[in-house]
Amino acid sequence: HFPDNPIVPGVILTEALAQTAGIAAASAGASRRFLLSAIRSMKFPKAALPEKTILLEAKKVGEMGSLFQFETKASIDGETVAEGTIILSEA
């Protein structure tokens, strides 16, 4: 992202977490298509460096009609690089 100081952009981490939440929702028997409807919060406490393995986690914490709320987290070697709340809707 920066020529002399490469990092994984926050928007890429957020998209990866939204995709992970979609996979989690689909595995729970819901529709197979989801849209990212809202990002309630997202924090990036530490930079994610390229070529590192990023562990992505998504836990469903709420559901209302066709909306699903997930707490998400991305970490590298046990250190959090992104975390937040994502809302998905069934397409």
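The values are calculated or read from the model by the stated rules, or taken from the named source; none is laboratory data. Keep in mind that what you see is a predicted model, and the values were worked out from it rather than measured. FYI the Cβ positions are ideal-geometry reconstructions off the backbone, even for glycines, and counts take in every protein chain you see. Accessible surface areas use protein heavy atoms only, side chains included; no ligands, DNA or RNA. Shrake-Rupley method; radii C 1.70, N 1.55, O 1.52, S 1.80 Å.
Residue under question is T85, and the condition is that it be part of a helix (DSSP H, G or I) and of a type outside the set (D, E); does it hold?
no
Pairing residues of region 1-29 that are free of Cβ contacts under 8 Å to residues at least 60 places away in the same chain and farther than 12 Å from A47 by Cα with residues that are part of a loop (DSSP other than H, G, I, E, B) and not hydrophobic (A, V, I, L, M, F, W, C), at Cβ distances under 6 Å and at least 6 apart in sequence or on separate chains, gives A26/R32. For region 46-67, the criterion of being small (G, A, S), out of contact with any His (no Cβ under 6 Å at 6 or more places or on another chain), modelled with pLDDT under 95 and open to solvent by 80 Å² or more (accessible area, probe 1.4 Å) is satisfied by no residue at all.
Return yes when I39 is modelled with pLDDT of 95 or more, open to solvent by 70 Å² or more (accessible area, probe 1.4 Å) and outside any loop (DSSP other than H, G, I, E, B) and no when it is not. First the steps, then the outcome.
Numbers: modelled with pLDDT of 95 or more: yes; open to solvent by 70 Å² or more (accessible area, probe 1.4 Å): yes; outside any loop (DSSP other than H, G, I, E, B): yes.
Considered against the rule, which asks whether it is modelled with pLDDT of 95 or more, open to solvent by 70 Å² or more (accessible area, probe 1.4 Å) and outside any loop (DSSP other than H, G, I, E, B), I39 comes out as yes.
Name the single residue that is farthest from V61 (Cα to Cα) among those in region 1-26 being over 14 Å from the mean Cα position of the chain (by Cα) and open to solvent by less than 100 Å² (accessible area, probe 1.4 Å). So that I can check it myself, show each step before the final result.
As a first pass, look at region 1-26 and keep what is over 14 Å from the mean Cα position of the chain (by Cα): 1-7, 26.
From what is left, the residues that are open to solvent by less than 100 Å² (accessible area, probe 1.4 Å) are 5-7, 26.
Values: N5: 36, P6: 33, I7: 30, A26: 15 Å.
By that ranking, first place goes to N5.
Scan region 68-87 and tell me whether some residue there is among the small types (G, A, S), surrounded by 13 or more Cβ atoms within 10 Å (Cβ to Cβ) and more than 20 Å from V11 (Cβ to Cβ). No: zero hits.
Under the condition of being among the polar types (S, T, N, Q), at pLDDT 90 or above and in contact with a strand residue (DSSP E or B) (Cβ under 7 Å, 6 or more places away or on another chain), the residues counted in region 1-36 number 2.
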